[in-house]
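A.B. asks: Just passing along the structure, written as structure tokens.
The values are calculated or read from the model by the stated rules, or taken from the named source; none is laboratory data. All of these numbers come straight from a predicted model, not from anything done at the bench. Note that each Cβ is placed from the backbone with ideal geometry, even for glycine, and that neighbours are counted across all protein chains shown. Surface accessibility is based on the protein's heavy atoms, side chains included, excluding ligands, DNA and RNA. Shrake-Rupley method; radii C 1.70, N 1.55, O 1.52, S 1.80 Å.
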Amino acid sequence: MLLFLLGTGIWLTLHLGFIQVRFLGEGFKKTFAPLFKKDQEDGINSFKALATSISAQVGTGNLAGVATAIASGGPGAIFWMWISSFFGMATIFAESVLAQTYKKKQGAQPVGGPAFYIQYGLGSKWLAGFFAIAIIIALGFVGNMVQSNAITVAMNQTLNADSFGVRFLIGSFVAFFVGLILFGGIQRIANFAGNIVPVMALLYIIGSVIIVVLYWDQLLPTLSLIVNAAINPNAAAGGVLGATVKEAVRYGIARGLFSNEAGMGSTPHAHAVAKVKHPAEQGLVAMVGVFIDTVIICTLTALVVIMTDAHKTDLEASAITQEGFARGLGEFGIPFIAVCLLFFAFTTILGWAYFGEVNVRFLFGEKGVPPYRAIVLLFIVVGAIVKVEFVWQVADTFNALMVLPNILALLLLTKVVKRSWKEYRETK
């Protein structure tokens with residue numbers, strides 16, 4: 001799976017002439033230019049589309065996933081996470097261009113995503129249906145169980161209370177507020193994401209930067225350790241027993257790709273709704289999402305974990321990140337991470353629920369939406385109660401089933417992406 005995802009990113013990078021190097025700056029301009037423009041009935045502006053995309057991208061992977069990568073692969077995993085995000089920018093550009101190119105109208109709103117460009121671009125209805133079923137299960141149902149559980153665990157640690165009743169109550173509250181926003185459709189989700197995501201990301205960035213400043217004397221040694229451990233077997237461990245360069249590559253690339261979701265076929269659903277003059281415009285905006293998710297947020301998490309030596313503890317997953325912030329910010333660190341995780345996971349639930357909903361409409365029409373939404377809310381409550389080790393395995397399986405048809409479409413439709421990019425440049 002990693003070879004498919006990374007290989008596709010390299011393939012598209014070469015075919016698009018290293019677009020993520022030459023045009024990332026233009027992507028930032030396209031992202032923030034429509035910030036104060038009103039949405040139209042037949043779409044939302046590029047910034048809100050990106051915010052909806054980032055709401056799904058920035059989740060527990062940015063906290064627990066980064067910590068897991070360091071704990072399993074050593075500090076060198078972060079270097080390979082950067083590599084995965086670099087090539088992932090080209091992948092997500094292609095996904096967004098295709099989502100814009102093959103989007104269709106459902107009522108007043110446009111919709112699009114891999115199911116649409118697989119059916120109308122490749123001409124394969126059965127493969128499109130296969131992808132749609134996989135993403136409904138992977139993100140809409142199973143994935144949201146994982147996010148709901150992450151919220152519950154974080155709140156239990158903060159409140160120091162864990163019982164069936166408390167878990168059920170937290171899950172019910174999350175499901176209630178998700179329902180309020182989800183039943184308002186993409187406009188309400190986009191408005192919520194456009195207001196909450198920037199604030200949530202900024203607060204996390206500020207908290208992380210404060211710790212980096214407090215431990216400023218460890219910054220250069222930490223960056224040196226990340227690079228050396230990525231390519232030097234003798235330095236690979238970096239305080240992590242058994243970590244090798246092979247493990248650093250494996251976990252760094254895996255966590256990077258599954259954090260920014262480039263190639264997974266999820267975020268194109270948000271970018272398809274954007275009202276833009278040309279598909280390539282939204283492709284440039286989509287690259288900014290990967291940059292913010294991995295290069296900025298994941299990197300800051302990694303710096304906090306390594307600079308405070310939290311990765312040398314016996315803790316696991318998000319508990320490592322919590323320990324890093326507790327060492328850096330004192331007693332305030334644990335509730336700070338709990339609140340960040342709450343918002344990260346909550347917005348991810350909204351994004352994933354919407355992505356699944358688009359595919360329910362693709363398969364069953366409008367009549368399939370009400371029962372789908374009810375099942376999503378039920379899974380959120382169940383996810384808050386159960387242990388999620390098995391759920392993670394099921395989610396990983398269906399993630400793989402999503403990736404395969406999407407990657408196939410990206411490779412076979414590369415010429416469409418190249419043609420769109422050429423047209424945009426000529427028009428400019």
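Every residue, every condition in (1) within 19 Å of the chain's Cα centre (by Cα); (2) over 30 Å from residue 330 (Cβ atoms); (3) hydroxyl-bearing (Ser, Thr, Tyr), yes or no:
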{"position": "73", "(1), (2), (3)": "no, no, no"}
{"position": "112", "(1), (2), (3)": "yes, yes, no"}
{"position": "137", "(1), (2), (3)": "yes, yes, no"}
{"position": "175", "(1), (2), (3)": "no, yes, no"}
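A.B. asks: Consider the range 348-382. How many of its residues are among the β-branched types (Val, Ile, Thr), open to solvent by 20 Å² or more (accessible area, probe 1.4 Å) and within 14 Å of residue 179 (Cα to Cα)?
C.D. replies: 2
A.B. asks: What's the number of the condition residue 91 fails, among (1) surrounded by fewer than 24 Cβ atoms within 10 Å (Cβ to Cβ); (2) of a type in the set (S, T, N, Q); (3) modelled with pLDDT of 90 or more?
C.D. replies: (1)
A.B. asks: So is residue 106 touching a residue at least 40 places away in the same chain (Cβ under 8 Å), surrounded by fewer than 24 Cβ atoms within 10 Å (Cβ to Cβ) and of a type in the set (S, T, N, Q) or not?
C.D. replies: Criteria met by residue 106.
A.B. asks: Starting from residues that are in a loop (DSSP other than H, G, I, E, B) and charged (D, E, K, R), keep the ones in the range 269-284 and report whichever is least open to solvent (accessible area, probe 1.4 Å).
C.D. replies: 275
A.B. asks: As an exercise: evaluate residue 173 against (1) modelled with pLDDT of 85 or more; (2) touching a Ser or Thr at 6+ places or on another chain (Cβ under 8 Å) and give the number of the one condition it does not meet.
C.D. replies: (2)
A.B. asks: Across the range 166-193, what is the total count of residues that are among the β-branched types (Val, Ile, Thr), touching a Lys or Arg at 6+ places or on another chain (Cβ under 9 Å) and either over 24 Å from residue 382 (Cβ atoms) or open to solvent by 40 Å² or more (accessible area, probe 1.4 Å) (or both)?
C.D. replies: Going through the range 166-193 one residue at a time, the tally reaches 0.
A.B. asks: Let me ask something else. Please list, ordered by first then second residue, the pairs with beta carbon atoms under 9 Å, 6 or more apart or interchain, first in the range 206-219 and within 16 Å of residue 340 (Cα to Cα), second not in a helix (DSSP H, G or I).
C.D. replies: Note: pairs meeting the criteria are 211/308.
A.B. asks: Whether any residue in the range 296-304 is of a type outside the set (Gly, Ala, Ser), surrounded by fewer than 20 Cβ atoms within 10 Å (Cβ to Cβ), under 29 Å from residue 171 (Cα atoms) and in contact (Cβ under 8 Å) with a residue 24 or more places away in the chain is what I want to check.
C.D. replies: no
A.B. asks: Can you name every residue in the range 65-81 that is open to solvent by 10 Å² or more (accessible area, probe 1.4 Å) and either within 13 Å of residue 310 (Cβ to Cβ) or free of Cβ contacts under 8 Å to residues at least 12 places away in the same chain (or both)?
C.D. replies: 68, 71
A.B. asks: Let me ask another. Given the conditions (1) open to solvent by 10 Å² or more (accessible area, probe 1.4 Å); (2) closer than 30 Å to residue 427 by Cα; (3) in a helix (DSSP H, G or I), and given that residue 326 satisfies all but one, which numbered condition is not satisfied?
C.D. replies: (2)
A.B. asks: List the pairs whose first member sits in the range 8-27 and is buried (at least 20 other Cβ atoms within 10 Å of the Cβ), whose second member is assigned to a loop (DSSP other than H, G, I, E, B) and not polar (S, T, N, Q), and whose Cβ atoms are under 8 Å apart, counting only residues at least 6 apart or on separate chains?
C.D. replies: Taking only residues 6 or more apart or on different chains, the pairs are 8/263; 9/262; 9/263.
A.B. asks: A further question on this structure: Output the residue which, of all residues in the range 245-268 that are small (Gly, Ala, Ser) and assigned to a helix (DSSP H, G or I), is surrounded by the fewest Cβ atoms within 10 Å (Cβ to Cβ).
C.D. replies: 254
A.B. asks: Continuing with this model, one more query. Of everything in the range 285-320, what is hydroxyl-bearing (Ser, Thr, Tyr) and outside any helix (DSSP H, G or I)? Give them in sequence order.
C.D. replies: Matches in the range 285-320: 308, 313.
A.B. asks: Could you check the range 1-75 for helices (runs of 4 or more DSSP H) lying wholly inside it with 1 or more residues that are modelled with pLDDT of 85 or more and polar (S, T, N, Q)?
C.D. replies: Once the helices (runs of 4 or more DSSP H) in the range 1-75 are filtered for at least 1 residues that are modelled with pLDDT of 85 or more and polar (S, T, N, Q), what remains is 2-15, 19-22.
A.B. asks: Sticking with this one: Among the candidates 135, 196, which residue alone is at pLDDT 80 or above, of a type in the set (Val, Ile, Thr), within 27 Å of residue 256 (Cβ to Cβ) and surrounded by fewer than 24 Cβ atoms within 10 Å (Cβ to Cβ)?
C.D. replies: 196
A.B. asks: Looking only at residues in the range 344-380 that are of a type in the set (Gly, Ala, Ser) and assigned to a helix (DSSP H, G or I), which one is farthest from residue 268 (Cα to Cα)?
C.D. replies: 374
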